[in-house]
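First up is the structure itself, then whatever we jot down about it.
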Amino acid sequence: MTDLTLTVNGKRVTRDVPGETLLSELLRETLRLTGTHVGCDTSQCGACAVHMDGKVVKACTMLAHQAAGTEITTIEGLANGELHPMQKAFNDNHGLQCGFCTPGMIMAGVDMVQRYKAEGKTLDEAAIRHELEGNLCRCTGYHNIVKSIQQAATEM
Amino acid sequence: MYDFDFVTPASLAEAAAALEDPEAMALGGGQTLIPTLRARLAMPSKLVSLAGLAEIRGICEDDDGRLCIGGATTHGAIARDAAERFSGLAGLAQRIGDPAVRNRGTLGGSVANNDPAACYPAAILATGATVVTHRREIAAGDFFQGMFTTALDEGEIVTEVRFPVPRRSAYQKFEQPASRFALVGVFVAEMADGAVGVGVTGAAEEGGFRWEAAEAALAARFDPAALEGLSHPAEGLISDIHGDAAYRAHLIGVMTRRAVAAAA
Ligand SMILES: Cc1cc2nc3c(=O)[nH]c(=O)nc-3n(C[C@H](O)[C@H](O)[C@H](O)COP(=O)(O)OP(=O)(O)OC[C@H]3O[C@@H](n4cnc5c(N)ncnc54)[C@H](O)[C@@H]3O)c2cc1C
Ligand code: FES
Ligand code: FES
């Protein structure tokens, strides 16, 4: 066991965590933040996507200790009194059905909008589809997810 | 998962010392190694994390104008920071996996792993890059030694890859639709002295290789038309459910022509 300190959704947390603990396990089982979903558990589906220091990562393919000293944002940390524009856009555009992939889609969506803004690039429909390569949805057929991200991109 | 220790060295020297332990293994971005550990295909008792080592991160130029990329530099950083100086390599990095994989996965991890369908070996072979470790420098042609096999010794850390920057270059990847790794990927580079390198990945069991006949044709004339009538033999190429050897051989020709046409 080794002490691990990091910031999760703005709160500093310190826990005694074995070296082999995954970030997804720390979030879900230790911190009880079960909004981060585990779908494939093999870095394919993106349901476990969270932000580490503002960049999207897959929590099932990271050790908790690799996040030492960083700031993690999960889906629970996105809303700030009211829904984040990306969450609202998914709501407005019916961007989900069962909702299993949705936390990961939203975290990936926020990352891509912020990254394209920072680099001064246009996030058009084709770019969104390409950017979503690491996020799988078994229900929606993606069209409304793409529309949701397009809407949020104009509001963020 | 099984129990292991996680070590965060403060310097390259400390990382190298920790890796002297035969039970220890280097951890780069973990995008290959963590799934491997979970499948228990490797069971080191200690992981030495290289991701935080500033000494082996980032991109700079050496006195010979070569682009030197640290072993712990992520694919995402290469896609962004090499775009101006070496657009072919940046384009290659931009198409590895997905954004989350690119934010974690590193050049050193990919090179050390030498997956026969990995993208970087095509660029490293085509440009004649040098792989630098904390012990020595290894030429591209000597480094890759067959599927998942390299010249690296136990505990040897890839600190940097030095790329001679081509006049123009491009990578074209025909994706295996499920994994999105290269079914066949081709990197074409026209070097400053007019020589041409053609690096192929995904096609052969032994991993990346150079297509010398195409290099000679393109050195005479850097144009897709120069490849007319030239095809890569199917012998020795991979046949699997995604494509047989003849199909892969055909793709090598198609991807090479597309890369020449796209080279910038
Ligand atoms: C969904 C998905 C899609 C992918 N698609 C592609 C693709 O299209 N093309 C492609 O090329 N790759 C692809 N990859 C692989 C990806 O590029 C990995 O990041 C890379 O192969 C391994 O890099 P890493 O830093 O994650 O290494 P790790 O997983 O940490 O380590 C891999 C191996 O290298 C060793 N190692 C790590 N760093 C060093 C170092 N500096 N020196 C010496 N040894 C080291 C480790 O001990 C281990 O044996 C994909 C991966 C995933 C999960
Ligand atoms: S659960 Fe992490 S990518 Fe599927
Ligand atoms: S809404 Fe069900 S998996 Fe995407």
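Bear in mind these aren't lab numbers, they're just calculated from the coordinates by the rules spelled out. This one's a predicted model, so the numbers in the text were calculated from it and none came from an experiment. Heads up, the Cβs are rebuilt from the backbone with ideal geometry, glycines too, and the neighbour counts pull from every protein chain shown.
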Of the residues in segment B:176-212, those that are under 23 Å from B:R85 (Cα atoms) and of a type outside the set (V, I, T) number 11
Looking at segment B:74-114, which of its residues are among the basic types (K, R) and assigned to a helix (DSSP H, G or I)?
-> B:R80, B:R102, B:R104
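Residues are listed down the side, and each one gets a yes or a no for (1) within 18 Å of A:H51 (Cα to Cα); (2) basic (K, R):
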| site | (1), (2) |
| --- | --- |
| A:G81 | no, no |
| A:H84 | yes, no |
| A:F90 | no, no |
| A:C101 | yes, no |
| A:M107 | yes, no |
| A:Y116 | yes, no |
| A:T122 | no, no |
| A:R138 | no, yes |
| A:Y142 | no, no |
For residues that are more than 16 Å from ligand 2 (Cβ to nearest atom), more than 16 Å from the chain's Cα centre (by Cα) and not aliphatic (A, V, I, L, M), tally how many sit in segment A:81-128.
-> 15
For segment B:14-46, how many residues are touching a residue at least 60 places away in the same chain (Cβ under 8 Å) and either facing chain A (nearest Cβ under 8 Å) or assigned to a helix (DSSP H, G or I) (or both)?
-> 5
Condition test on B:L67, is it crowded, with 20+ Cβ neighbours inside 10 Å and either among the hydroxyl-bearing types (S, T, Y) or away from ligand 1 (no atom under 13 Å from the Cβ) (or both)?
-> yes
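Tell me the residue from B:A264, B:A219 that is surrounded by fewer than 16 Cβ atoms within 10 Å (Cβ to Cβ), within 18 Å of B:V165 (Cβ to Cβ) and either in contact with a Gly (Cβ under 8 Å, 6 or more places away or on another chain) or touching a residue at least 60 places away in the same chain (Cβ under 8 Å) (or both), please. Show your work before the answer.
Working: B:A219 fails: surrounded by fewer than 16 Cβ atoms within 10 Å (Cβ to Cβ).
Going through B:A264, B:A219 in turn, the sole match is B:A264.
For A:T2, state whether it is in contact with a strand residue (DSSP E or B) (Cβ under 8 Å, 6 or more places away or on another chain), hydroxyl-bearing (S, T, Y) and either farther than 13 Å from B:A100 by Cβ or free of Cβ contacts under 8 Å to residues at least 40 places away in the same chain (or both).
Criteria met by A:T2.
Can you spot a residue in segment B:101-117 that is in contact with a Pro (Cβ under 9 Å, 6 or more places away or on another chain) and within 15 Å of B:E160 (Cα to Cα)? Working first, answer last.
Narrowing segment B:101-117 to residues in contact with a Pro (Cβ under 9 Å, 6 or more places away or on another chain): B:110-111, B:114-115.
Within this subset, residues satisfying the condition of being within 15 Å of B:E160 (Cα to Cα) are B:110-111.
Yes, because at least one residue in segment B:101-117 is in contact with a Pro (Cβ under 9 Å, 6 or more places away or on another chain) and within 15 Å of B:E160 (Cα to Cα).
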Scan of segment B:150-178 for residues that are touching a residue at least 40 places away in the same chain (Cβ under 8 Å) and among the polar types (S, T, N, Q), ordered by number = B:T159, B:S169, B:Q172, B:Q176
Of everything in segment B:106-116 that's surrounded by 23 or more Cβ atoms within 10 Å (Cβ to Cβ) and small (G, A, S), which residue is nearest to the chain's Cα centre (by Cα)?
-> B:S110
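Would you confirm, using the coordinates I've provided, whether B:A189 is within 14 Å of ligand 1 (Cβ to nearest atom) and either over 30 Å from A:H51 (Cα atoms) or not in a strand (DSSP E or B) (or both)? Walk me through how you get there before you give the answer.
Numbers: within 14 Å of ligand 1 (Cβ to nearest atom): no; either over 30 Å from A:H51 (Cα atoms) or not in a strand (DSSP E or B) (or both): yes.
No.
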Of the numbered conditions (1) touching a helix residue (DSSP H, G or I) at 6+ places or on another chain (Cβ under 9 Å); (2) within 22 Å of B:R95 (Cα to Cα), B:L230 satisfies every one except a single condition; which is it?
-> (2)
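Kindly indicate the residue of segment B:1-13 that is in contact with a Leu (Cβ under 9 Å, 6 or more places away or on another chain) and buried (at least 19 other Cβ atoms within 10 Å of the Cβ) and also farthest from the other protein chains (Cβ to nearest Cβ) among those meeting that condition. Break it down into steps so the answer makes sense when it comes.
Narrowing segment B:1-13 to residues in contact with a Leu (Cβ under 9 Å, 6 or more places away or on another chain): B:1-2, B:4-7, B:9-12.
With the extra rule that they be buried (at least 19 other Cβ atoms within 10 Å of the Cβ), the set shrinks to B:4, B:6-7.
Numbers: B:F4: 5, B:F6: 4, B:V7: 8 Å.
So, considering only residues that are in contact with a Leu (Cβ under 9 Å, 6 or more places away or on another chain) and buried (at least 19 other Cβ atoms within 10 Å of the Cβ), the one farthest from the other protein chains (Cβ to nearest Cβ) is B:V7.
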Residues located in segment B:47-56, provided they are touching a residue at least 12 places away in the same chain (Cβ under 8 Å), outside any strand (DSSP E or B) and more than 10 Å from chain A (Cβ to nearest Cβ) = B:L50, B:L53, B:E55, B:I56
Would you tally the residues in segment A:131-156 being part of a helix (DSSP H, G or I) and either within 16 Å of ligand 3 (Cβ to nearest atom) or surrounded by 14 or more Cβ atoms within 10 Å (Cβ to Cβ) (or both)?
-> 15
